[in-house]
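All of the numbers you see were taken from the coordinates with simple rules; none came from a lab. The shown structure was predicted, so the numbers you read here are calculated from the model rather than taken from an experiment. Positions of Cβ are generated from backbone atoms using ideal geometry, with glycine treated the same way; all protein chains shown enter the neighbour counts.
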Amino acid sequence: MKSKLKLIVALVLATSIAGCSSWIYRIDVGQGNYVIQDDVDKLRIGMTKEQVHFVLGEPVLRDSFDENIYYYVYKLKRGMSSRGEDFRKDLILHFDGDKLTKMSGDFEQPEEFNTPLDI
């Protein structure tokens, strides 16, 4: 009887200690629009909203009070700190009516951004 009790206590203790360990795998969680600099380099002043959607996809956020601002936001939450830091990248596009006028955020503005597309 005592040996069974000791075995049960040992198993419960081992399982509870294993649940607290740091070697349990946790996945990285990415949320939002995954945008890379190569895609941002395709943007040009004067592009329509439809052309921007074709290049970058639908924005994850749109301003409720101003339909002329698109927010492309990407956030990566690391599951394990050994794989690096969490990070967030934002790209904010401003339109005047249907035409792209300005970009801001964490990406470099392309050299040819101010050169309109020849259509």
Could you give me the ³J(HN,Hα) list for segment 53-63, computed from phi with Karplus coefficients 6.51, -1.76, 1.60 and θ = phi - 60°, whole Hz, x at Gly and Pro?
-> 4, 5, 7, 10, x, 5, x, 6, 9, 10, 5
Return the loop-located chymotrypsin sites (Phe, Trp or Tyr not before Pro) in segment 24-119 (DSSP other than H, G, I, E, B) with at most 15 other Cβ atoms within 10 Å of their own Cβ; answer none if there are none.
-> TYR25, TYR34, PHE65
Straight-line reach from LYS49: which lysines have a Cα under 28 Å away, not including same-chain ones fewer than 8 places off?
-> LYS75, LYS89, LYS99, LYS102
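Can you give the helix-only mean residue ellipticity at 222 nm for the chain, where every DSSP H stretch with n ≥ 4 adds -39500 (n - 2.57) and the sum goes over all residues, rounded to the nearest 500 deg cm²/dmol?
-7500 deg cm²/dmol
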Under Karplus coefficients 6.51, -1.76 and 1.60, residue-wise ³J(HN,Hα) of segment 98-110 in Hz, glycine/proline x | 10, 10, 5, 10, 7, 10, 8, x, 8, 9, 6, 6, x
When the C-alpha atoms of the chain are aligned to their principal axes, what extent does each axis show, in angstrom, from largest down?
-> 86, 29, 19
Counting other beta carbons within 10 Å of each Cβ, put LEU13, LEU117, LEU76 in order, fewest first.
-> LEU13, LEU117, LEU76
